[in-house]
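These notes concern the structure reproduced below.
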Amino acid sequence: MKFNTIQIKDKKLILLDQTVLPEKVVYNSYSDYRDVIPAIQRLEVRGAPAIGISAAYALCLAVEVEVKTTVEGLKKIMQDVAGIIKNARPTAVNLAWAVDRVLEKTDMYTGDSLDEYRQIFWDEADAIFTEDKAMCDSMGKYGAELLKDGMTVLTHCNAGALATGGIGTALAVFYKAKEMGKSIKVFADETRPLLQGARLTTWELMQEDIDVTLITDNMAGYSMALGKIDAVITGADRITKNGDVANKIGTYSVAVLAKEHGIPFYVAAPESTYDKILESGNDIIVEERAPEEVTEGFGNRTAPDGVKVFSPAFDITPHELVTAYITDTGVRPGGRQA
Ligand code: MRU
């Protein structure tokens with residue numbers, strides 16, 4: 001990739017600011033975990049795996065703060081900090097998963113060296129980052145095998161290198177298909193209201209010379225009716241035990257359209273996106289965002305002052321609409337086999 005979504009330098013977290021792409025490429029450096037939380041909330045770093053990795057490093061920044069205490073004392077402080085970080089955004093399971101994983105590992109330390117205790121945080125966060133890269137490669141390969149040369153695939157939001165520690169989930173499939181010599185074209189939904197498709201997916205794919213065509217969200221159905229789309233691949237923020245999928249608002253509509261047009265609907269997601277506790281999509285907390293993101297998202301007011309707004313950031317696609325799940329361990333069948 002020609003950019004780095006997340007980097008660690010001198011115990012600082014460096015994030016590519018996704019709020020200003022594609023106009024500007026700006027990297028912001030963080031040394032205080034309390035600044036990472038608003039960065040996650042304003043989507044400077046976004047996408048389920050990427051916020052998981054950033055949250056893990058936020059814990060590392062927090063544990064470095066000088067405190068006159070013992071390892072046991074610091075463990076208690078870190079419990080509270082972990083709770084605060086986990087609340088940054090509710091829907092992507094990767095965030096809480098990554099924080100819990102780091103905390104479980106560090107809690108196992110029985111020594112009394114603060115330095116050793118602190119180092120375990122960094123080692124575990126690095127492991128999450130490294131494993132995510134490998135999972136992206138693996139998902140990409142499995143997904144690319146599903147695609148035939150010459151296909152056009154619709155994607156929604158951004159599930160690429162900008163959303164992960166590696167080459168992405170849904171977009172990894174396109175990168176790996178290209179490596180295999182398959183010529184794949186991509187249609188990118190604009191993804192209202194924050195335009196992750198228009199601003200991020202097209203930018204990312206164009207950097208990597210993937211043929212991409214931008215459409216607004218309401219053009220997806222007609223594009224399918226015209227026979228322009230052969231398959232849909234999206235990412236996921238959380239997949240429950242029954243296979244229901246939380247992903248960017250608009251994903252559900254695309255899944256319904258895909259069924260109507262007999263087009264396969266694939267969800268690409270790593271193991272860290274599978275919720276081991278929640279039974280179904282009905283149990284998922286869907287984040288609601290500020291009304292201004294709908295009424296004046298990028299500066300221009302496009303709705304009357306004071307209008308009522310409903311702005312869920314994600315929706316739930318029932319497992320019956322998913323043809324298959326592309327995971328890092330292989331392709332699993334979904335509930336829609338036609
Ligand atoms: O609100 P965002 O931009 O964080 O939403 C991101 C998505 O919905 C992605 O599709 C999902 O996290 C998968 S990223 C590999």
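Stretching the chain fully between Ala134 and Thr152 yields a gain of 3.9 nm (0.36 nm per residue, less the alpha carbon separation).
Volume per residue for the range 141-333 equals 122 cubic angstrom (convex hull of Cα atoms).
Helix content alone sets the calculated 222 nm mean residue ellipticity of the chain: runs of n ≥ 4 DSSP H residues at -39500 (n - 2.57) each, divided across all residues, give -11500 deg cm²/dmol. Need the C-alpha centroid separation for the range 281-338 versus the range 15-82, integer Å. Between the Cα centre of the range 281-338 and that of the range 15-82, the gap is 24 Å. As a rough footprinting exposure proxy, the listed residues Tyr222, Tyr57, Tyr266 were ranked by other beta carbons within 10 Å of their own, and the order from fewest upward is Tyr222, Tyr266, Tyr57.
Taking the square roots of five times each eigenvalue of the Cα gyration tensor of the range 176-219, the equivalent ellipsoid has semi-axes of 22, 11, 7 Å, listed largest first. Counting Cα-Cα pairs of the chain in 10 Å increments starting at 0 gives whole-percent bin shares of 6, 26, 34, 22, 9, 2, 0.
Taking square-rooted eigenvalues a ≥ b ≥ c of the alpha carbon gyration tensor, is the range 127-198 rounded, prolate or oblate, where a/c under 1.5 means rounded and, failing that, a/b exceeding b/c means prolate? Note, shape of the range 127-198 comes out oblate.
Taking 1 over the mean of 1/r across every pair of different Cα atoms in the range 243-284, what Kirkwood radius in Å do you get?
Over the range 243-284, the inverse of the mean reciprocal pair distance is 11.7 Å.
When Leu61, Leu13 are arranged by Cβ crowding within 10 Å, least crowded first, meaning fewest neighbours, the order is Leu61, Leu13.
Here the simple spin-label model places points 7 Å from the Cα toward Cβ, and for Thr110 and Ser29 these points are separated by 4.0 nm.
The Val307 and Ile84 beta-carbon pair, evaluated with R₀ = 25 Å, returns a calculated FRET efficiency of approximately 0.15. Positive-end ranking of Ala125, Pro22, Ala98 along the dipole of the range 6-136, with charges on Cβ about the Cα centre, is headed by Pro22. Once C-alpha pairs closer than 8 Å and six or more residues apart are averaged by separation and normalised to the residue number of the chain, the relative contact order reads 16 percent.
When each of Thr201, Thr302, Thr273, Thr91 is scored by the number of other beta-carbon atoms lying within 10 Å, the sequence from fewest to most is Thr302, Thr91, Thr273, Thr201.
Counting residues in the range 41-170 as N, plug N into 2.2 N^0.38 Å and put the Cα Rg over that result. Intermediate results must be reported in sequence, preceding the final value.
Working: Rg = 17.4 Å, N = 130, 2.2 N^0.38 = 14.0 Å.
Normalised Rg, Cα atoms only: 1.24.
Readers should treat all values here as calculations from the given coordinates under stated rules, not as data from a laboratory. Remember, predicted model here, so these are calculated numbers, not experimental data. Cβ sites come from the backbone with ideal geometry, for glycine too, and all protein chains shown count toward neighbours.
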